[in-house]
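Worksheet for the structure shown next.
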Amino acid sequence: MKYVITILISFASVWMVAQPKKAPKMAPTTSPGYYVTTKGDTVKGFVRNNPDDPTEFYSVFSFQPAKGGKLMPVSIKKAKAYGFDNKHFVQVMEAGTEIYVEVLARGRLNFYEYLYNGKIDGLPAIEAAYFVQDNMGEGEFAALRELKKINNKFYKKELKPYMRDQPVIWADLDKFTFNKETVTNAIKEFNKFYEITGSN
């Protein structure tokens with residue numbers, strides 16, 4: 001009997017060691033925030049700021065009403081915008097799918113970021129896509145009013161028609177290397193020329 005118990009203990013030990021370790025989940029933390037309903041009403045409360053997968057911010061977010069209650073997921077079907085910690089997300093249509101994008105700059109030119117699970121050098125990684133939109137596109141430039149995904153490799157060439165009215169700002173961008181902060185600051189600088197007109 002003693003041998004049977006020893007064998008069972010050995011099997012149990014092997015089974016426990018062989019179990020894959022689950023990644024520890026962080027306890028939810030929140031920040032004061034808001035969301036805008038599909039009817040245009042603003043709801044204030046708290047937004048979870050540390051989801052297990054940071055790409056969740058671009059499809060769903062967890063929200064707790066200011067009056068109290070549990071954190072509940074809010075889908076893109078229920079909110080057209082939301083924000084917290086000076087981050088603002090708005091709903092856009094990309095390739096026939098509704099997604100949230102983070103607002104990096106807003107004005108005559110809107111500049112957005114979208115994070116998604118992809119691969120870099122063949123390994124799983126979070127990738128970023130960027131979008132631009134000209135709110136004053138008219139005539140031959142009317143198509144620039146539509147949201148356009150920027151190819152990071154050829155971003156400067158693709159931004160040229162959007163920044164045509166301030167060529168010096170566009171010329172200062174690096175031709176070969178895309179840098180989110182640099183491009184964001186350049187677009188914010190571009191937008192300053194049009195603040196007085198109320199176009200933003």
Tell me, which residue of segment 85-97 that is more than 17 Å from G45 (Cβ to Cβ) and either touching a strand residue (DSSP E or B) at 6+ places or on another chain (Cβ under 6 Å) or of a type in the set (A, V, I, L, M) (or both) is surrounded by the fewest Cβ atoms within 10 Å (Cβ to Cβ)? A95
Among the residues of segment 25-41, write down those that are closer than 16 Å to S75 by Cα and in contact with a Phe, Trp or Tyr (Cβ under 9 Å, 6 or more places away or on another chain). G33, Y34, Y35, V36
Selection within segment 73-99 - in a strand (DSSP E or B) and of a type in the set (D, E, K, R): K80, K87, E94, E98
What are the residues in segment 52-76 that are in contact (Cβ under 8 Å) with a residue 24 or more places away in the chain, touching a strand residue (DSSP E or B) at 6+ places or on another chain (Cβ under 8 Å) and of a type in the set (D, E, K, R), if any? D53
Looking at segment 44-65, which of the residues that are surrounded by 13 or more Cβ atoms within 10 Å (Cβ to Cβ) and over 24 Å from Y116 (Cβ atoms) is modelled with the lowest pLDDT? P65
Of everything in segment 152-195, what is more than 24 Å from the chain's Cα centre (by Cα) and small (G, A, S)? Give them in sequence order. A171
First in segment 149-161 and aliphatic (A, V, I, L, M), second anywhere and part of a helix (DSSP H, G or I) and surrounded by 14 or more Cβ atoms within 10 Å (Cβ to Cβ), Cβ under 9 Å, 6 or more apart: I150/E158; I150/L159; I150/V183; L159/W170; L159/V183; L159/A186; L159/I187
List the strands (runs of 3 or more DSSP E) inside segment 100-200, counting only whole elements, that have at least 2 residues being at positive phi and at pLDDT 95 or above. none
In segment 101-123, residue surrounded by the fewest Cβ atoms within 10 Å (Cβ to Cβ) [restricted to those that are under 29 Å from R164 (Cβ atoms) and of a type in the set (S, T, Y)]: Y114
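The values are calculated or read from the model by the stated rules, or taken from the named source; none is laboratory data. These figures come from a predicted structure and were not determined experimentally. Don't worry about glycine lacking a Cβ; one is built from the backbone with ideal geometry, like all the others, and counts go over all protein chains shown.
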